[in-house]
1. Report the extension gain between Asn52 and Arg199 in nm, rounded to one decimal, defined as 0.36 nm multiplied by the number of residues separating them, less their alpha carbon distance.
2. Cut-off is 10 Å between beta-carbons; in what order do Met210, Met188, Met128 appear when sorted fewest neighbours first?
3. Expected output is a single nm value to one decimal: the length gained when fully extending between Val129 and Asn43, i.e. 0.36 nm times separation in residues minus the C-alpha distance. What is it?
4. Can you work out the FRET efficiency for the pair Lys137 and Arg115, with r the C-beta to C-beta distance and R0 = 25 Å, to the nearest 0.05?
5. Taking H placed 1.01 Å from N in the peptide plane, check which residues at least 5 places from Ile77 or on another chain put their amide H under 5 Å from its amide H.
6. Please work out the C-alpha center-to-center distance from the stretch 46-102 to the stretch 110-147 and express it in whole Å.
7. Please enumerate, by chain and number, the aspartates and glutamates with C-alpha under 12 Å from the C-alpha of Lys205, excluding those fewer than 8 residues away in the same chain.
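None of the figures in this text is laboratory data; all of them are computed from the coordinates on show. In this text the structure is predicted, and so the values were computed from the model without any measurement. Here the Cβ is made from the backbone with ideal geometry for all residues, glycine too, and neighbour counts use every protein chain on show.
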Amino acid sequence: MNRTFKISALTSLAASLAAFVALAAQTQIYDPKTRQWVDYDKNTARKYYARNKQVPDAFRRQVVTFRTAEEPGTIIIDGNQHFLYLVQPGGQAIRYGIGVGREGFGWAGIVRVGRTAEWPTWTPPAEMVARDPNAAKWAAGQPGGPDNPLGARALYLYAGDADTIYRIHGTPESWTIGLDVSSGCIRMNNDDIIDLHSRVKIGAKVIVLMQGAALYKGV
């Protein structure tokens, strides 16, 4: 990774700690009432979303200072912090909260947006069909719609001309943003993926960073 990018990215991420911090082993959020960091797990996330009808402040779409040598339009994913950055001109980025791969399903690498889709069909890979009875019933594909796991939009990630099987996509389970929950795909709430989809061009560079994750094969 470019040294300039690494240093500047870490600097911009450090500025976010006033609102949010995520450790490799456990995501946490800051509770302003108790002035303490609180573990943010599935149980906490469900309760928070049920109470507030939205995710914590840090995971909501916002423009942030973000210095990088990467060109505007590049997507940079910090899997450990559960943020996706869309690089903008002038040292800024649009930051979105994301859900990432659960233990054993995290990955890192440099890929590109190969194609996109609105209300995409979800076809689970053979490995998922084999291990997940709920996925097996959709082996031939689940039509797009509000209950589809890919949500309102999907960006299909390619390595060269090959589909990696990974996507950046929406989700009907907005409460999972900020968690390690997926089988390797990057999930966003539907409003955010619609916004990202409207801004991203086919061929856009996607940099996926995740501590302790294996590099994507072929990248």
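1. 50.1 nm
2. Met128, Met210, Met188
3. Length gained, Val129 through Asn43: 28.3 nm.
4. 0.45
5. Tyr85, Ile207, Val208, Leu209
6. Cα centroid to Cα centroid, the span is 24 Å.
7. Result set, ordered by chain and number: Glu70, Glu71.
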